[in-house]
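Here the structure comes first, spelled out in structure tokens, and everything after it is commentary.
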Amino acid sequence: MSALRVIGPSDYRRVPWKNGGGVTQDVLLLPEGATHEDFDIRISLAPIVEEGPFSSFPGIDRHITRLSPAPLALAFATGTRALARLEPLYFDSVLQPRSVLTDGPAWVINVMTRRGRWHAQVMPAAGGHGPLLAAPEGGLVVLHAVTGTWQVGDAAGSALVRPGETLLAGDAQTLRISCDPTGEALVAFLTPTGARGEAA
């Protein structure tokens with residue numbers, strides 16, 4: 001049986017930001033039963049509707065990616081970084097950059113991992129017949145469809161991932177992905193780096 005799992009907006013859990021400055025949708029929170037205080041992996045979607053500081057998560061590495069056309073910049077103590085659409089920006093989540101909006105609300109996806117337990121590699125994927133994706137040994141590969149309907153297959157089957165949905169795959173699977181040439185997605189490879197890293 002295929003181990004591909006597709007989760008959609010109705011499965012995401014809406015929760016307030018840690019600092020109370022907004023609302024986010026938790027796509028994935030691991031290990032099972034984890035909270036925002038003790039998670040090892042967290043993937044979330046969030047609208048940024050007002051300028052303000054990010055929440056601080058000590059010990060957490062964050063990759064943030066702007067999904068919306070509306071621009072977004074993050075103001076750090078060392079300077080301001082503009083987020084190009086679908087280009088992930090990494091920063092240590094103990095920092096609390098301030099969001100800067102110049103043309104209305106922006107929409108982002110966050111991939112957060114606990115340092116010393118998990119490592120994330122995050123990148124955009126374009127439509128067409130994409131390359132093979134390999135889930136890391138003991139880890140996960142995550143594909144979030146931004147535009148277009150993506151077909152993802154492994155040796156045991158295939159799944160469709162529609163805009164706003166997220167696919168999870170593990171067990172060192174090799175995946176073949178394809179989409180209409182105009183399709184856009186974000187892919188994260190999550191690799192355990194410590195003794196307590198577990199994908200289930």
Rg/Rh for the chain: what does it come to with C-alpha atoms and Rh from Kirkwood?
0.95
Label points 7 Å out from Cα along the Cβ direction at F91 and V23: separation in nm?
2.5 nm
S10 to T149: FRET efficiency via 1/(1 + (r/R0)^6), r the Cβ-Cβ distance, R0 22 Å, to the nearest 0.05?
0.80
Calculated from backbone phi, Karplus (6.51, -1.76, 1.60) coupling profile of segment 174-185 in Hz, x at Gly/Pro
9, 10, 10, 10, 8, 6, 3, x, 8, x, 9, 8
Using only C-alpha atoms and all pairs of different ones, pull out the Kirkwood radius for segment 1-114 in Å with one decimal.
14.6 Å
Length-normalised contact order of the chain in % [C-alpha pairs under 8 Å, at least 6 apart]
23 percent
Suppose all protein chains stay in the model; what accessible area per residue would a 1.4 Å probe give for the chain, in Å²?
47 Å²
Inter-centroid distance (Cα atoms) of segment 105-166 relative to segment 28-84, Å
17 Å
On average, how much area does the Cα convex hull of segment 82-169 cover when viewed from any direction, in nm²?
7.5 nm²
Kirkwood hydrodynamic radius, computed over distinct alpha-carbon pairs, for segment 105-155: how many Å, to one decimal?
13.5 Å
With all pairs of different alpha carbon atoms counted, what Kirkwood hydrodynamic radius in Å does segment 23-87 show?
13.6 Å
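The values are calculated or read from the model by the stated rules, or taken from the named source; none is laboratory data. Please read all numbers here as calculations on a predicted model, not as lab measurements. Positions of Cβ are generated from backbone atoms using ideal geometry, with glycine treated the same way; all protein chains shown enter the neighbour counts. Protein only, heavy atoms only, side chains kept; ligands, DNA and RNA dropped before computing areas. Shrake-Rupley method; radii C 1.70, N 1.55, O 1.52, S 1.80 Å.
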